[in-house]
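The values are calculated or read from the model by the stated rules, or taken from the named source; none is laboratory data. This is a predicted model, so every value here is computed, not measured. Neighbour counts run over all protein chains shown; Cβ positions are idealised from the backbone, glycine included.
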Amino acid sequence: MMSVNANYPNYQGPVRDRVENFHGSQLVYVLWERHLLFCAPLTFLADPEMSFVDFLSEILRPALAPHPESEQLRFDEAKWRLDGEDFQPDLEKSLIDNGIDHKSQLRLITPWLSDLADAAI
Amino acid sequence: MNAKTSKRLNMKDRYRIMTRDLAWEPSYQRHEDIFPQEDFEGIKIVDWSQWEDPFRLTMDNYWKFQAEKERKLYAIFDAVSQNNGQMNVSDPRYLNAVKLFITAVTPLEYNAYKGYARVGRQFGGVGARIACQMQSIDELRHTQTQIHAMSHYNKYFGGMHDFPHMFDRVWYLSVPKSFFEDASTAGPFEFLTAISFSFEYVLTNLLFLPFMSGAAYNGDMNTVTFGFSAQSDEARHMTLGLEIIKFILEQHEDNVPIVQKWLDKWLWRGYRLLSIVGMMMDYMLPNKVMSWAEAWEMYYEEAGGALFKELERYGIRPPKFAEQTVIGKNHVSHQTWFVFYQYGHATAFNTWIPTAKEMDWLSEKYPDTFDRLYRPRFELLAEKAAKGERFYNNTLPQLCQICQIPLAITEPDDDTMISHRDTVHEGERYHFCSDGCRDIFHNEPEKYVQAWLPVHQILQGNCGGADMEKVIGDYYRIEMGEDNLEFEGSPEQRRWKQWKQAV
């Protein structure tokens, strides 16, 4: 990584999205891989102490409901990746204890859901 | 005194006196105190007198030319409004391209005016200062004439009423806004490389031509006439863009790697910004001019390719990641319209599914991608809409830290996988849409950590609270049900039908 070339020394812009600015919550991004009806990964505001299972049932499932495959979606059979690594969530543990911290990106992978997969809907 | 001496100066003297002779050598202040931003970027200028003035124009002549152009332009505007020219457009959906222009492009003209006024103050050479001064005034004129061109439509159609306010706040307008603010907060040489060269010279045909030809194909007399009136200015701006780049490269070999890095950055930033033009051409124009892919081939691959060949002798290579733009040309317009369609409740214009005929045109223009990937999506959404379940995405998207576009663009080598990159800087994670955007961050992380990302700002509570209707209505000033949502069944469509029946 390089450094900015400014017209005075030690230029540093404010870090605008640090976790303190989210009033006790943190950001979690979720990408449902190869399911592009939602055009981009989703951004959620979540309590870092919320359990993973609550995150799934209270936040993620309602958000994905408009997708035509949402009814067949079973989280217990899904594969996950967290920030680029394979990830085995502990359902009862909190997001933060699962290693899901501020601005983490979770990927939901459901290769058996293929009815619409050719067009990656 | 010789009575035969002419009171008129000849052209050459006049030009010298009215341009270069306006400068003087300072005697009691140091050069670096007068021009404090000239050195910090590392650009070395050995001899400012080598600057070739691309405009060959003096201020008094400039006023004369511009005044003449204004007279003709405003005569047309008057005629259009007296003859209800808004009724001559091809289809009321066309006006949505005008709304996009006034909210996304016109404020850039205003920022260009401010940018050239600033950098024009910073150069040690008088030729560069005068060129920037004239371009600055041009940009202000373009801002003003665009507003006047579109003010007639504002009387009849939604979405245009609060364009400067929207430019500062609305989520998708942060894309052009952050693009220009990146340039405006750079040093003066980077600003000229970014705006005069990469944007005005390399990419301007991809912004201007689609909108102006689009206007001509769709019966929008005001925008076409504005386009003609701006054309000779644009030609001057392009000449300045080429001159500045050649001048910097010729001054010192140490300038070459610095300029190359800027060319890499600004081609990528410009390409991402032009995604909205691609979508406008392929989806928003009822009468199409050409496809985005064709435009990219003609104006970037062919014209840009020849240009970068010409710059090879200075040690310049084509911009990094240019090959990804060639792959992306078959995807980006579809992916962008798909974003706007599903966030159509938060747009200051209407959105819609292309008609069957339009989809056939897209199949023909995009044989490798449209039927395989995009037609099925639009057909699924058309089915939903027919059942009364028009799809609006009520979640918030993840945005790129640099271009601020939702991560909706796919990998260059896998068109069903979202392209995503990330990095950790001083313990904080940052996300990007591409290698190009991540590279830009890595080069200047202290600058981009402060990006004002609309989604994060909403979630921090800085946009009027957690209620999205309030964010859209009160904070953005998009009037719910008037300016936004689906075109089919919209008040705009209903009024159009009534007006047509009344004629």
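Can you go through B:TYR28, B:TYR62, B:TYR110, B:TYR15 and tell me which one is farther than 30 Å from B:PRO257 by Cα and in contact with a Leu (Cβ under 8 Å, 6 or more places away or on another chain)?
Only one candidate passes the filter, namely B:TYR110.
When segment A:33-56 is examined, which residues are found to be modelled with pLDDT of 95 or more, more than 7 Å from every other protein chain (Cβ to nearest Cβ) and under 30 Å from B:TYR374 (Cα atoms)?
Those that are modelled with pLDDT of 95 or more, more than 7 Å from every other protein chain (Cβ to nearest Cβ) and under 30 Å from B:TYR374 (Cα atoms): A:PHE44, A:LEU56.
Going through A:TYR29, A:TYR11 one at a time, which residue ends up being among the hydroxyl-bearing types (Ser, Thr, Tyr), under 24 Å from B:MET417 (Cα atoms) and either out of contact with any Leu (no Cβ under 6 Å at 6 or more places or on another chain) or at the interface with chain B (Cβ under 10 Å from one of its Cβ atoms) (or both)?
Just one listed residue meets the conditions, A:TYR29.
As an exercise: evaluate B:ALA382 against (1) within 11 Å of another protein chain (Cβ to nearest Cβ); (2) of a type in the set (A, V, I, L, M, F, W, C); (3) not in a loop (DSSP other than H, G, I, E, B) and give the number of the one condition it does not meet.
The number of the failed condition is (1).
Look at B:ASP422 and say whether it is touching a Gly at 6+ places or on another chain (Cβ under 9 Å), charged (D, E, K, R) and more than 17 Å from A:PRO14 (Cα to Cα).
So B:ASP422 fits the description; yes.
Inside segment B:460-482, can you point out the residues that are over 27 Å from the mean Cα position of the chain (by Cα) and of a type outside the set (Gly, Ala, Ser)?
Answer for segment B:460-482, where residues must be over 27 Å from the mean Cα position of the chain (by Cα) and of a type outside the set (Gly, Ala, Ser): B:GLN460, B:ASP467, B:MET468, B:GLU469, B:LYS470.
What is the one condition in (1) touching a strand residue (DSSP E or B) at 6+ places or on another chain (Cβ under 9 Å); (2) part of a loop (DSSP other than H, G, I, E, B) that A:PRO14 does not satisfy?
(1)
Filter segment B:353-378 down to the residues that are aromatic (Phe, Trp, Tyr) and either surrounded by 22 or more Cβ atoms within 10 Å (Cβ to Cβ) or within 14 Å of chain A (Cβ to nearest Cβ) (or both) and list them by number.
B:TYR366, B:PHE370, B:TYR374, B:PHE378
State which residue is farthest from B:LEU263 (Cα to Cα) when the search covers only segment B:299-325 and only residues that are of a type in the set (A, V, I, L, M, F, W, C), in contact (Cβ under 8 Å) with a residue 60 or more places away in the chain and part of a helix (DSSP H, G or I).
Once the filter is applied, the top-ranked residue is B:ALA303.
Just to be sure, is A:GLU77 of a type outside the set (Ser, Thr, Tyr), under 19 Å from B:MET417 (Cα atoms) and more than 10 Å from chain B (Cβ to nearest Cβ)?
Taking the combined requirement at face value, the residue does not satisfy it.
With the requirement that a residue be more than 9 Å from every other protein chain (Cβ to nearest Cβ) and part of a strand (DSSP E or B), what does segment B:386-400 give you?
Hits for segment B:386-400: nothing passes.
Any chance segment A:67-74 includes a residue that's under 28 Å from B:GLN457 (Cβ atoms), touching a residue at least 12 places away in the same chain (Cβ under 8 Å) and within 13 Å of chain B (Cβ to nearest Cβ)?
Within segment A:67-74 (the criterion being under 28 Å from B:GLN457 (Cβ atoms), touching a residue at least 12 places away in the same chain (Cβ under 8 Å) and within 13 Å of chain B (Cβ to nearest Cβ)), the answer is yes, since at least one residue qualifies.
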